[in-house]
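Notes follow once the structure below has been shown.
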Amino acid sequence: MHVVITGASSGIGLAIAKAFDVPGNRLSLVARRKVELRQLQAELRCESQAIVADLSNAEDPIGWLVRAEETFGPSDVLINNAGTSYVEPSAQVDAERVRRIFQINVHTPIAAIHHVLPAMLARKSGCIVNIASNAAFQPAPYFAHYTATKGALGNFSESLRMEVSREGVHVATIYPGPVKTPMADRNFAQVKESSATQLAPVGDADVLAKLVLRAVRKKQARVIYPSFYAIGWYLPGIGRFIAEHFVPKAKGTVTPPLAGDAG
Ligand SMILES: NC(=O)c1ccc[n+]([C@@H]2O[C@H](COP(=O)([O-])OP(=O)(O)OC[C@H]3O[C@@H](n4cnc5c(N)ncnc54)[C@H](OP(=O)(O)O)[C@@H]3O)[C@@H](O)[C@H]2O)c1
C-alpha cells in the first residue's frame, strides 16, 4: 500500500509515519527538511522515500506528489498533514503570510486530492486523510487566518466524504486540539500565561497517530482528540463562549519561524 504523508519531518506527521510503518506499506515522506526525513527513514522498517518539497509553492502545488507516484505508484492513502500557523493580532499579518498559510493549509491539500481522486474512484478504493484542527469548528482570537484555513479544509473534507463514500473511497477528517509538537509549543509561547492555557488538555502525537491509523482501517469519518475538544463540535455555542471569554491575549509579537521556515 502506497501511503503519502505530508509534513513527515516533525510532530504529528512524524508520529503518523511511525504508526504506518507496517510490513507491506511503502511510505512517501514529504517535507522541506531532508535531514529529518532521512533520520526518520533510518528508523523505519518498511520501504520509504523522502520527497523534499515546499508545499507553499503555488506555481507547482503537486509536483512532489507526481514524483512520489513515479516511484511507488498511485497513492492508496493520501495524508494531508503539513500545516503552518501563527498566533498574532490579525491586523499585523501581511498579505504574503496570508497567501502562504492558505496555500499550505488549503490549496495544496485540495490540489493533491484532485490529483489522487480520479484514480481512486476508478479503482473504487483508496483513502484520503485531512488533518484539520478543532479550530475548524472553533473560532479563536489571534488565530483568525488559521481557523479560516482549517474550517475550509475541514468542510471540504467532510463534504467530500459524503460524496465519495458510496463509491469506495474513504475520507477521514482529523480534528486535533492542542497536541504537544514544536508548532503547539511555539503557539502557546505566543499567548500570555493564564489559567486557561494551564488547564487546556494537551494531547500526545503518538496517541493521535494511532487514532489516525484506526480511522483509516475502520473507515471512521472523523477523530476529535483530545476528546475534551469535542465540546466545540457538539455544543458550538459553549465552545465559542469559552474561546471569546477565556482564550488569553496574544503577546502581539511576530510569531517566530519554526525550524523548517528558517531555511
Ligand atoms: N500540534 C497541534 O496542537 C495541532 C493542533 C491542531 C492541528 N494541528 C495540525 O497538525 C498538522 C501537523 O502539525 P504539527 O503540530 O505536527 O506541527 P509541526 O511539528 O510544526 O510540523 C509541521 C509539519 O509540516 C511541514 N511543513 C510546514 N510547512 C511546510 C511547507 N511549506 N512545505 C512542506 N512542508 C511543510 C513541516 O515540515 P518542514 O518544516 O520540514 O517543511 C513539518 O513536518 C498541521 O496541519 C497542524 O495545523 C496541530
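What the table below lists for this structure:
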| item | result |
| --- | --- |
| Max mean-square fluctuation residue, GNM over the chain, Cα-Cα springs under 10 Å, options H170, H145, H115 | H115 |
| Set of lysines near K218 by C-alpha distance (under 22 Å), chain-local residues within fewer than 8 positions excluded | K18, K124, K210 |
| Anchor K249: lysines whose Cα lies under 30 Å away (excluding residues fewer than 8 positions away in-chain) | K150, K180, K192 |
| Gain in span if fully extended, I242 to S125, counting 0.36 nm per residue against the direct Cα distance | 38.1 nm |
| Nonlocal amide H pairs with V87, under 5 Å, H built at 1.01 Å | T255 |
| Spatial separation of Cα centroids for the stretch 30-107 and the stretch 1-23, in angstrom | 12 Å |
| Gaussian network model of the chain, Cα within-10 Å springs - most flexible of Q103, Q92, Q220 | Q92 |
| For Q138, residues with placed amide H under 5 Å, excluding near neighbours | none |
| Of G177, G24, G13, the one that fluctuates the most in a GNM where the chain has Cα springs shorter than 10 Å | G24 |
| Where N is the number of residues in the stretch 2-262, Cα Rg divided by 2.2 N^0.38 Å | 0.97 |
| Contour minus Cα-Cα distance for D54 and D21 (0.36 nm per residue) | 9.5 nm |
| Gain in span if fully extended, R99 to A200, counting 0.36 nm per residue against the direct Cα distance | 33.4 nm |
| Amide H within-cut-off set for S48, under 5 Å, with H built and near neighbours excluded | L27 |
| In nm, spacing of pseudo-spin labels at K219 and R38 (7 Å Cα→C-beta vector) | 4.2 nm |
| The chain: relative contact order in percent, alpha carbon pairs under 8 Å with at least 6 residues between | 20 percent |
| For the stretch 17-26, 3J(HN,Hα) per residue [Karplus equation, 6.51 cos²θ - 1.76 cosθ + 1.60, θ = phi - 60°, Hz, x = Gly/Pro] | 4, 5, 5, 8, 7, 10, x, x, 7, 10 |
| The stretch 157-173 versus the stretch 188-263: alpha-carbon centroid distance in Å | 24 Å |
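Each value in this text was obtained by applying a stated rule to the coordinates, not by laboratory testing. Quick caveat: nothing in here was measured; it's all calculated off a predicted structure. Cβ atoms come from the backbone with ideal geometry, glycine included; neighbour counts cover every protein chain shown.
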